[in-house]
Amino acid sequence: MNYRLLTLFILALSIGFCSSSFAQRQRDERPTIEDFKGIQYTGDDSTFYINFRFRMQNRLKYTTIGGDDLGAEDFEARIRRLRLRMDGYIYNPRLSYSIQLGFTRGDQDYDDTDVVNIVRDAVVFYSFTDNFYVAFGQNKLPGNRQRVNSSGELQFAERSLVNATFNIDRDFGIKAYYSPKIGAVPIHLKGAISTGEGRVSTTTDNGLAYTGRAEFLPLGEFTNEGDYYEGDLEYEETPKLSFGGGYSYNDRTTRTGGQTGTYVMTPLTLKTTFYDAIFKYRGWAYQVEYMKRGVDNPFTTDEDGEVTYAFKGQGVNQQLSYLLDRKLGYEIAGRYTWIKPHRDIRAYEAQTEVIELGLTKYFRAHRLKLQFNASYNVEDGTYRTSHDGNNWAATFQIELGI
């Protein structure tokens, strides 16, 4: 199948629909003045607008270590994320932009690439209508819901192991977003053609990445676009539900995770499928994600003869939470994550399960919150009373931003 022609056809079809009269509020990445709550500046002639925001996550974490290091412990005390974001428009509100910079090592992709890259987002948007726009530059691909969801709007200190293993992250390219309605039911359609090599790419090789995603909201829009932040902080008075799914074909990438991971000598073609859903009602929130990656031959060998491989397999993540007190802002949450490697890499990777409990105190929704998480990591389906091969962990984190 010629994936380039297929994706270009889909994008062209979306442009053809842009004259639709349906206009709606949607969860997208374009700057909108009414949503900004940071430091704002508007030019005297109103042809220039910029908004500055920042956020940080300060973390303490304790982990027991099993296996060959039985009895060992690991302590983490660091700034997990420190980011500055600038959004606005130039000349015309239809022509907007978003820039996001990351200043901690974990935000710079350094460990995999040895490149200090502080640029996370640098993208320009053009809105043809209220429900159709295109983007050009570097930002998140329309992948699984939890990855597209901001790390500042999570119930737990980190995203799930399923996301960490299979997500397609950020990339440079062109994207199109279209949101029609079927009757009263909102539909969100998203597509992208990108380099496939992630944030540090400076050249384009012979292979590109092609990504598509669709969302279906049978019960109508969530309050304040709540389908893209975790927990029912809006306390939905009527049930809200969103189904999403998509596919990414990364042709001949040079990294083990496509847009992420270490470099390989022999290019890999990754095929990633993702399905997800989120439900909210009167303080209850439930979300589930399924992801699967296929690789024809996941193994490559480097110049020193060391074997490197891409993770091939599947995983499921589920989260359930309840807002104990809407005014005081206390929430409890549970999460169960399951990862199963394909038989091709079973000699290198074990089936893994993670059970997590979380308590969050929201002071100002996700902008200011305290989080405490406890987790238990299980390998090969064997639950042990000791940490022989399994890990216990506890995390405390403060999130602060504007």
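Points to keep in mind about this one:
- Taking the helices alone, the chain has a mean residue ellipticity at 222 nm of -1500 deg cm²/dmol, built from -39,500 (n - 2.57) per DSSP H run of at least 4 residues and averaged over all its residues.
- Placed amide H near Gly329: partners under 5 Å, 5+ positions off or other chain: none
- When only alpha carbons are used to place a centre, the range 102-122 and the range 274-291 end up 30 Å from one another.
- Pairwise label distance in nanometres, Tyr330 with Asn117, each label 7 Å out on the Cα-Cβ vector: 4.3 nm
- Of all lysines in the structure, the ones whose alpha carbon falls short of 26 Å from that of Lys181, not counting any fewer than 8 places away in one chain, are Lys140, Lys190, Lys240, Lys280.
- Taking every lysine pair in the range 283-390 that is 8 or more places apart or spans two chains, those with Cα atoms closer than 12 Å amount to 5.
- For the chain, the carbon plus sulfur part of the accessible surface works out to 58%, probe radius 1.4 Å.
- Stretched out straight at 0.36 nm per residue, the stretch from Thr104 to Tyr286 would grow longer than its current Cα-Cα span by 62.4 nm.
- Distant-in-sequence amide H partners of Gly313 (H built 1.01 Å from N, under 5 Å): Arg293, His342
- Ranking Ile174, Ile187 by solvent-accessible area of protein heavy atoms (1.4 Å probe, all protein chains present), from largest to smallest, gives Ile174, Ile187.
The values are calculated or read from the model by the stated rules, or taken from the named source; none is laboratory data. These numbers come from a predicted model, not from an experiment. Quick reminder, even Gly has a Cβ in these numbers, built from the backbone with ideal geometry, and neighbours come from all protein chains shown. Please note that ligands, DNA and RNA were not included when accessible areas were found on the heavy atoms of the full protein model with its side chains. Shrake-Rupley method; radii C 1.70, N 1.55, O 1.52, S 1.80 Å.
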